[in-house]
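The values are calculated or read from the model by the stated rules, or taken from the named source; none is laboratory data. Just so it is clear, the structure is predicted and the values come from calculations on it, not from any experiment. Methodologically, a virtual Cβ is constructed for each residue, glycine included, from the backbone with ideal geometry; neighbour enumeration extends over all protein chains shown. Heads up: the accessible areas ignore ligands, DNA and RNA and are worked out on the full protein's heavy atoms, side chains in. Shrake-Rupley method; radii C 1.70, N 1.55, O 1.52, S 1.80 Å.
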Amino acid sequence: MTSSESTDVLVIGSGFGGAITAYHLAAGGARVVVLERGPWLSGEEFEHDFKFGSSSTRVFDFVVGDGMSVLSGNCVGGGSVVYFAAMPRAPRFVFDRKGRFGHRMWPSAISRGTLDPWYDRVAEALPVSQTSWDTVPFSGGLFGAACDHAGRTANPVPVALDQAKCTNCNWMMAGCRFDAKRSLLLNYLPAALAHGAQIRPLHEVQYLSRTDDGGYRVHYTVLDDVDYRVEVDSGTIDAKIVIIAAGAGATPVILQRSEPTLGAMPHAVGRYFSGNGERLNTAIFDEERIRDVLGLSRPDGVPYEAYQIGKGPCVASWDRLDGSLPEYERFSLEQLYFPPGFGTILAQVPDAVGPTWFGAEKKELLRTWQSWLTVFTMSEDDNEGEFGAVPPSGNAVRLSQQMLARGSLRYEPTENTLRGWALSDAEVRDILERDGLSRVMPWTNDVVGAYTVHPLASCRIGDNPATSALDDRHELRNHPGIFVTDGSAVPAGLTVNPAMTIAALAERAVPGIVAAARARGVDVRYGAPAPDGGTSSRDAVLPLARSALRQ
Amino acid sequence: MVLEAYADTILPGEKRWPGDRAVAGVSSDGGAVAAGALLALGSPEGGLAPALDALADGLDEHAEEYAAEAGIELDPEVPAFVSLDFPDRVRLVQRLTDPTHPEREAWISLAMFSVIAFDAAAHSHTVEALDAGHVGLKIIGFRQPDSDGLWRFDTYSYGRQLAQPHPDTTASGSPA
């Protein structure tokens, strides 16, 4: 290739961090190109099928590391397409976490209070709504009833879901066939397209270099649409502003690979990774005890046997989200569904005399699958993840045509993290084993290490240059014009599902990015309404945005 | 045959015929092998196919070492791993998948594909697998879809409040 394309703003990744910024910048008048390494699927292309090569493997990545495996979206819309749409805001105490260095990890400019107007923007845009008990599936009801029986509270979780369209099929991880899940394919991304943004699927960014005019050249390869291991083309695009939102498992790798061309990266790039303190327990319920102890019964008289029915996590217990408790001892518990395969291999046999995760006893355990309940812990880990050697391309070495890859992330849980997991395991047991309701075992960490569906913090914001890669405007330190707006920017585990916070931070970052673009000669303004034209939350943030624009 | 025996160790099944050597026969119905583990392992999508011969050879070498250590006399008529009885196969797989074993990732990959074949029939369309009576989906009790091959559950909720909300819940439904 002898010449490079050019644009005002190049966005890497089309999940929350990419879609939100792309929309606002395109709506404000900038030329925007979005490069997404995954495919572009929608509606009926989302299949109810576990077969290799169906949407369930096309849109999903599972990267095995050393001590930590990461599950994430790999498609236009990113995590919003594959996630369970749980959208709680992070509790107030989270923003004051100090972590292992003993200083506040979040920038002083950000607290729950200052982020709430930006949360409101996301809530209006997607939209996010509260779940009512009459739409909570059996599994969430069972968890809620068990919490109540044990003297705990339990809340239906706020979600980005159109309950009227939802069929409770529990195929959400393969993309929503019925457009019930309010993914970015239904709001920010079509609005960005309407304002002229271009989205290019199967374009995997490898590294960045500088251009003579102070901008950046983005180097990408084009991947085969079936076998992602195969590169079919390559190219470059020049941009005045680059927004990296490739996900916390990929953003730092792109920056690490760019060091020879861009110069040294901040120390925190590729360090301080958090798995959001995630941990899973599976309870094997005794159906009779569900009836006798909790008084639950489906309309057909069966107490439960409904693990397969539902829409991911619907009910959470927030009793341990108590800011007066010591750091590392606070966590939320959430009822969850994982499909067979992902959701079965790591489940362990209670009281096994042989191996716990495979063998004859494991097969017997599988016979009770419909009586399972998975409980998801989100706790405060110690940001102990670190990325190792940069792979030849992408963020990991792909082993399968799709989905399965081997990455360089190393994660050795500290005593703090292990203590949080142990406390949450005990709490789950105390709630769910009470009066013989079930037997509970945590998922094993001996097969693929720990695991997270919410990778965070590998390129984080902060006030301290020694421990943060980005300033509080999400600009990469020492590399002006590069912004990072995905989960890697979140400084630490949130103790709840992070999508709402990632999205709110992206919303908050936009005025600063607009200011940087204007300083580079881009004719762009801030002030777009919500994707559907709603203006109430926009009007509320305009005074805040004006301050960012003046800076 | 060796890989069948490995898959059968992960999720065991009944013998397919009286003289079946690969399947140890410690379970009363089909296991990973009957569920199609070899199809999943050999699928072009999975990416393991080019390594399977080497893995089978490697597994036999480990079985020979194990047998020598344990003083087990192997049957020369079948591969070494197949010659082991089920408890010894289990002990060897535990050793190979232990967090300290240098080759663990390869052996865990074999296990993962065996599980996925059984629990999810990932080598075939789910609707077709259910129609064909796939043993793994049957054992976990995976429900049937509607006539158009899509899953919908009209009855899905106990339909009533079953717990009290946390007192510090905000108006938006989030923790304070």
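Could you check how many residues of region A:10-36 are within 25 Å of A:CYS176 (Cα to Cα) and over 24 Å from the mean Cα position of the chain (by Cα)?
0
A:ALA197 - would you say it is more than 14 Å from chain B (Cβ to nearest Cβ), over 22 Å from the mean Cα position of the chain (by Cα) and surrounded by 23 or more Cβ atoms within 10 Å (Cβ to Cβ)?
Working: more than 14 Å from chain B (Cβ to nearest Cβ): yes; over 22 Å from the mean Cα position of the chain (by Cα): yes; surrounded by 23 or more Cβ atoms within 10 Å (Cβ to Cβ): yes.
Criteria met by A:ALA197.
Can you report the number of residues in region A:517-540 which are part of a helix (DSSP H, G or I) and surrounded by 14 or more Cβ atoms within 10 Å (Cβ to Cβ)? Steps first, please.
To start, the set of residues in region A:517-540 that are part of a helix (DSSP H, G or I) comprises A:517-519, A:536-540.
Retained after the next criterion (residues that are surrounded by 14 or more Cβ atoms within 10 Å (Cβ to Cβ)): A:517-518, A:537-538, A:540.
Looking only at that region, the number is 5.
So which of B:LEU110, B:LEU59 ends up being free of Cβ contacts under 8 Å to residues at least 60 places away in the same chain and surrounded by 18 or more Cβ atoms within 10 Å (Cβ to Cβ)?
On the way: B:LEU110 fails: free of Cβ contacts under 8 Å to residues at least 60 places away in the same chain.
B:LEU59 is the lone residue from the list that is free of Cβ contacts under 8 Å to residues at least 60 places away in the same chain and surrounded by 18 or more Cβ atoms within 10 Å (Cβ to Cβ).
Taking helices (runs of 4 or more DSSP H) that do not extend beyond region A:200-297, which have at least 2 residues that are open to solvent by less than 10 Å² (accessible area, probe 1.4 Å)? Quick ask: steps written out before the conclusion?
Values: elements: A:251-257, A:259-262, A:287-294.
Of the helices (runs of 4 or more DSSP H) lying wholly inside region A:200-297, those with at least 2 residues that are open to solvent by less than 10 Å² (accessible area, probe 1.4 Å) span A:251-257.
Which one is farthest from the other protein chains (Cβ to nearest Cβ) among residues in region B:151-176 that are farther than 20 Å from A:SER139 by Cβ and either assigned to a loop (DSSP other than H, G, I, E, B) or hydrophobic (A, V, I, L, M, F, W, C) (or both)? If you could, list the steps in order and put the result at the bottom.
Kept after step one, since they are farther than 20 Å from A:SER139 by Cβ, are these residues of region B:151-176: B:167-172, B:174-176.
Those still in the list that are either assigned to a loop (DSSP other than H, G, I, E, B) or hydrophobic (A, V, I, L, M, F, W, C) (or both) too: B:167-168, B:170-172, B:174, B:176.
Values: B:PRO167: 7, B:ASP168: 8, B:THR170: 7, B:ALA171: 9, B:SER172: 6, B:SER174: 4, B:ALA176: 6 Å.
Among them, the one singled out is B:ALA171.
Which of the numbered conditions does A:GLY53 fail, given that it passes all the others? Conditions: (1) crowded, with 21+ Cβ neighbours inside 10 Å; (2) farther than 26 Å from A:ASN276 by Cα.
Result: A:GLY53 fails condition (1) only.
Could you please find all residues in region B:125-150 being assigned to a loop (DSSP other than H, G, I, E, B) and small (Gly, Ala, Ser)?
Here is the first cut: in region B:125-150, the ones assigned to a loop (DSSP other than H, G, I, E, B) are B:125, B:132-134, B:141-150.
If the condition is that a residue be assigned to a loop (DSSP other than H, G, I, E, B) and small (Gly, Ala, Ser), then B:ALA132, B:GLY133, B:GLY141, B:SER147, B:GLY149 are the ones that fit.
Here's the yes/no breakdown for (1) over 20 Å from the mean Cα position of the chain (by Cα); (2) part of a loop (DSSP other than H, G, I, E, B):
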{"site": "A:ASP8", "(1), (2)": "yes, no"}
{"site": "A:GLY38", "(1), (2)": "no, yes"}
{"site": "A:GLY53", "(1), (2)": "yes, yes"}
{"site": "A:VAL63", "(1), (2)": "no, no"}
{"site": "A:SER80", "(1), (2)": "no, no"}
{"site": "A:PHE84", "(1), (2)": "no, yes"}
{"site": "A:ALA90", "(1), (2)": "no, yes"}
{"site": "A:PHE95", "(1), (2)": "no, no"}
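A:ASP120 versus (1) under 22 Å from A:TYR337 (Cα atoms); (2) open to solvent by 10 Å² or more (accessible area, probe 1.4 Å): which is the lone unmet condition?
Condition not satisfied by A:ASP120: (1).
From the list A:ASP162, A:ASP96, pick out the single residue that is within 26 Å of A:ASP539 (Cβ to Cβ), of a type in the set (Asp, Glu) and away from chain B (no Cβ under 11 Å). Before the answer, list the steps.
Values: A:ASP96 fails: within 26 Å of A:ASP539 (Cβ to Cβ).
After ruling out the rest, the residue left standing is A:ASP162.
Tell me the residue from B:LEU38, B:LEU74 that is within 15 Å of the chain's Cα centre (by Cα), open to solvent by 40 Å² or more (accessible area, probe 1.4 Å) and away from chain A (no Cβ under 12 Å), please. Step through it out loud before you land on a result.
Working: B:LEU74 fails: within 15 Å of the chain's Cα centre (by Cα).
Only one candidate qualifies: B:LEU38.
Determine whether region A:449-456 contains at least one residue that is among the hydrophobic types (A, V, I, L, M, F, W, C), within 20 Å of the chain's Cα centre (by Cα), buried (at least 20 other Cβ atoms within 10 Å of the Cβ) and at pLDDT below 95. Outline the logic, then answer.
We begin by selecting, within region A:449-456, every residue among the hydrophobic types (A, V, I, L, M, F, W, C); these are A:450, A:453, A:456.
So of that shortlist, the ones also within 20 Å of the chain's Cα centre (by Cα) come out as A:450, A:453, A:456.
The next check asks that each one be buried (at least 20 other Cβ atoms within 10 Å of the Cβ); those that pass are A:450, A:453, A:456.
From what is left, the residues that are at pLDDT below 95 are A:450.
Yes.
From (1) charged (D, E, K, R); (2) at pLDDT 95 or above; (3) open to solvent by 40 Å² or more (accessible area, probe 1.4 Å), pick out the condition that doesn't hold for A:ARG100.
Evaluating A:ARG100 over (1) charged (D, E, K, R); (2) at pLDDT 95 or above; (3) open to solvent by 40 Å² or more (accessible area, probe 1.4 Å) leaves (2) as the failure.
Would you call B:ALA67 within 14 Å of chain A (Cβ to nearest Cβ) and of a type in the set (A, V, I, L, M)? Explain how you work it out, then say what you get.
Working: within 14 Å of chain A (Cβ to nearest Cβ): no; of a type in the set (A, V, I, L, M): yes.
When the stated conditions are applied, B:ALA67 does not pass them.
Can you pull out every residue in region A:4-23 that is of a type in the set (D, E, K, R) and under 20 Å from A:ALA194 (Cβ atoms)? Explain how you work it out, then say what you get.
Step one: filter region A:4-23 for residues of a type in the set (D, E, K, R), giving A:5, A:8.
Answer for region A:4-23, where residues must be of a type in the set (D, E, K, R) and under 20 Å from A:ALA194 (Cβ atoms): just A:ASP8.
Which condition breaks for A:ASP322 when tested against (1) on the phi < 0 side of the Ramachandran plot; (2) in contact with a strand residue (DSSP E or B) (Cβ under 7 Å, 6 or more places away or on another chain)?
(2)
Among what's in region A:341-365 and is part of a helix (DSSP H, G or I) and at the interface with chain B (Cβ under 7 Å from one of its Cβ atoms), pick the residue that is most open to solvent (accessible area, probe 1.4 Å).
Residues of region A:341-365 part of a helix (DSSP H, G or I): A:342-345, A:360-365.
Now restrict to residues that are at the interface with chain B (Cβ under 7 Å from one of its Cβ atoms): A:344-345, A:360, A:362-363.
Values: A:THR344: 0, A:ILE345: 19, A:ALA360: 39, A:LYS362: 6, A:LYS363: 0 Å².
Per the criteria, the residue is A:ALA360.
Going by the conditions given, is B:LEU92 more than 7 Å from chain A (Cβ to nearest Cβ), buried (at least 16 other Cβ atoms within 10 Å of the Cβ) and not in a loop (DSSP other than H, G, I, E, B)? Full working, then the answer.
Values: more than 7 Å from chain A (Cβ to nearest Cβ): yes; buried (at least 16 other Cβ atoms within 10 Å of the Cβ): yes; not in a loop (DSSP other than H, G, I, E, B): yes.
It is true that B:LEU92 is more than 7 Å from chain A (Cβ to nearest Cβ), buried (at least 16 other Cβ atoms within 10 Å of the Cβ) and not in a loop (DSSP other than H, G, I, E, B).
State which residue is surrounded by the fewest Cβ atoms within 10 Å (Cβ to Cβ) when the search covers only region B:131-149 and only residues that are in contact with a helix residue (DSSP H, G or I) (Cβ under 9 Å, 6 or more places away or on another chain) and either closer than 24 Å to A:GLY43 by Cα or facing chain A (nearest Cβ under 7 Å) (or both).
From region B:131-149, those in contact with a helix residue (DSSP H, G or I) (Cβ under 9 Å, 6 or more places away or on another chain) are B:134-145, B:149; that's our starting set.
Still in the list and also either closer than 24 Å to A:GLY43 by Cα or facing chain A (nearest Cβ under 7 Å) (or both): B:139-145, B:149.
On the way: B:ILE139: 22, B:ILE140: 21, B:GLY141: 15, B:PHE142: 23, B:ARG143: 13, B:GLN144: 11, B:PRO145: 15, B:GLY149: 16.
Out of the qualifying residues, it is B:GLN144.
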